[in-house]
Amino acid sequence: MNNIPARHTAGTVTDSDSDSAPAVASAGTVTDPAGAVTDSALLAWADREASRCSTELDRAEALRLLGSVSLGRIVFTQDALPAIRPVNHLLHHGEVIIRTHEGAALTSLTEHAEDEGVAVAYEADAIDPATHCGWSVVVTGYCHLVTDPDDLAHYQALLHPWADHRMSYTLRIRPDLVTGLRLSPRA
């Protein structure tokens with residue numbers, strides 16, 4: 001038996017197999033089995049039926065998890081629109097380090113940035129495709145070019161590009177905001 005809430009279209013129930021699940025009307029209202037309109041019926045049903053629970057991560061745990069993987073996505077603004085690039089990274093002293101190449105949009109932006117740097121977000125995760133359990137972390141902060149020769153040599157030795165470009169630039173993201181979420185099986 002299907003226990004998913006039934007959807008109404010022009011007064012017709014499209015899934016009448018469930019007598020106990022709330023119904024969703026075309027205007028987005030929800031009716032309980034007795035026909036009373038309620039906004040919370042669908043939410044309560046969804047909460048009961050969810051197979052995973054989410055837990056917010058504190059900053060330390062979020063950064064620890066971020067450091068446990070090497071691939072993420074950097075988000076920045078290019079021509080007044082959001083741009084996202086997959087990149088490999090390392091976490092060093094709480095900062096996200098990535099390498100990039102000449103001609104890359106983010107390289108150009110950081111070369112011409114004010115002292116503040118370029119505002120970016122960086123996201124990485126590890127989600128099991130079968131269970132949909134795992135975690136996701138987002139770091140928001142300012143991105144700067146690394147210019148110190150010793151730091152450049154150190155990062156080039158530790159962080160090897162996986163793309164076929166010569167990665168001669170290194171960028172550092174100093175996290176101002178770190179958020180994370182863990183998805184776990186419901187007990």
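The values are calculated or read from the model by the stated rules, or taken from the named source; none is laboratory data. Since this is a predicted model, take the numbers as computed values, not measurements. Methodologically, a virtual Cβ is constructed for each residue, glycine included, from the backbone with ideal geometry; neighbour enumeration extends over all protein chains shown. We work out accessible area using only protein heavy atoms, side chains counted, and drop any ligands, DNA or RNA first. Shrake-Rupley method; radii C 1.70, N 1.55, O 1.52, S 1.80 Å.
If I stretch the segment between ASP148 and GLU102 completely, what's the gain in nm (0.36 nm per residue apart, minus their alpha carbon distance), one decimal?
Details: separation 46, 0.36 × 46 = 16.56 nm, distance 1.75 nm.
That works out to 14.8 nm of additional length.
Between LEU177 and ARG73, what is the label-to-label distance in nm when each label sits 7 Å out along the Cα-to-Cβ direction?
About 1.8 nm separates the two model spin labels.
Subtracting the Cα-Cα distance from 0.36 nm times the residue separation, let me have the gained length for GLU123 to THR140 in nm, one decimal. Let's see the in-between values first.
On the way: separation 17, 0.36 × 17 = 6.12 nm, distance 0.88 nm.
Taking 0.36 nm per residue and subtracting the Cα distance, the gain is 5.2 nm.
So for CYS143, CYS53, what's the accessible-area order with a 1.4 Å probe, most first?
Numbers: CYS143 0, CYS53 45 Å².
Solvent-accessible surface, decreasing: CYS53, CYS143.
On the accessible surface of segment 83-179, probed at 1.4 Å, how many percent belong to carbon and sulfur atoms? Working shown, then result.
On the way: 2760 of 5240 Å².
Answer for segment 83-179: carbon and sulfur cover 53 percent of the accessible area.
Roughly how many Å² of LEU177 are accessible to a 1.4 Å probe, to the nearest 10?
100
When the convex hull of the C-alpha atoms of segment 140-183 is computed, what volume per residue in Å³ does it have?
Details: hull volume 5.1 nm³, N = 44.
Enclosed volume per residue, from the Cα hull, is 117 Å³.
Among ARG59, ARG172, ARG73, what's the order by accessible area (1.4 angstrom probe), most exposed first? Each step should come with its number before you reach the end.
Working: ARG59 105, ARG172 30, ARG73 85 Å².
Accessible-area ranking of ARG59, ARG172, ARG73, largest first: ARG59, ARG73, ARG172.
Sort ARG99, ARG64 from largest to smallest accessible area, using a 1.4 Å probe on the heavy atoms of the protein chains.
Values: ARG99 30, ARG64 130 Å².
Output order, biggest surface exposure first: ARG64, ARG99.
Between ALA187 and HIS132, 0.36 nm times their residue separation minus their Cα-Cα distance comes to what? Walk me through the intermediate numbers first.
Details: separation 55, 0.36 × 55 = 19.80 nm, distance 1.50 nm.
Extra length from ALA187 to HIS132 when fully extended: 18.3 nm.
Between GLU114 and GLN156, how many nm apart are label points set 7 Å from Cα along the C-beta direction?
3.2
Could you compute how much accessible surface VAL139 exposes when probed at 1.4 Å, giving the result in Å² to the nearest 10?
For VAL139, the solvent-accessible surface is approximately 0 Å².
Find out how many positive minus negative residues lie around HIS89, taking Lys and Arg as positive, Asp and Glu as negative, among other residues whose Cβ is under 12 Å from that of HIS89. Show your work: numbers first, answer last.
Values: positive: ARG73, ARG85, ARG99, ARG172; negative: GLU95, GLU123.
Value of the local net charge: +2.
Quick one: net charge of CYS143's neighbours, Cβ under 13 Å, K/R +1, D/E -1? Present the calculation step by step, with values, prior to reporting the outcome.
Details: positive: ARG85, ARG99, ARG172, ARG174; negative: GLU95, GLU111, GLU114, ASP115, GLU116, ASP176.
Summing Lys and Arg as +1 and Asp and Glu as -1 gives -2.
Given the whole protein assembly as supplied and a 1.4 Å probe, what does the accessible area of ASP148 come to in Å², nearest 10?
70
Is there a quick way to get the dipole size of segment 61-187? I mean about its Cα centre, with the Cβ of Lys and Arg at +1 and of Asp and Glu at -1; what is the value in debye to the nearest 20?
Numbers: 9 positive and 16 negative charges, 117 e Å.
Roughly 560 debye, rounded to the nearest 20.
Tell me, what is the FRET efficiency for ILE84 and GLU56 to the nearest 0.05, using R0 = 25 angstrom and their Cβ-Cβ distance as r? Could you put the intermediate results ahead of the total?
Values: r = 23 Å, r/R0 = 0.93.
Result of the calculation: an efficiency of 0.60.
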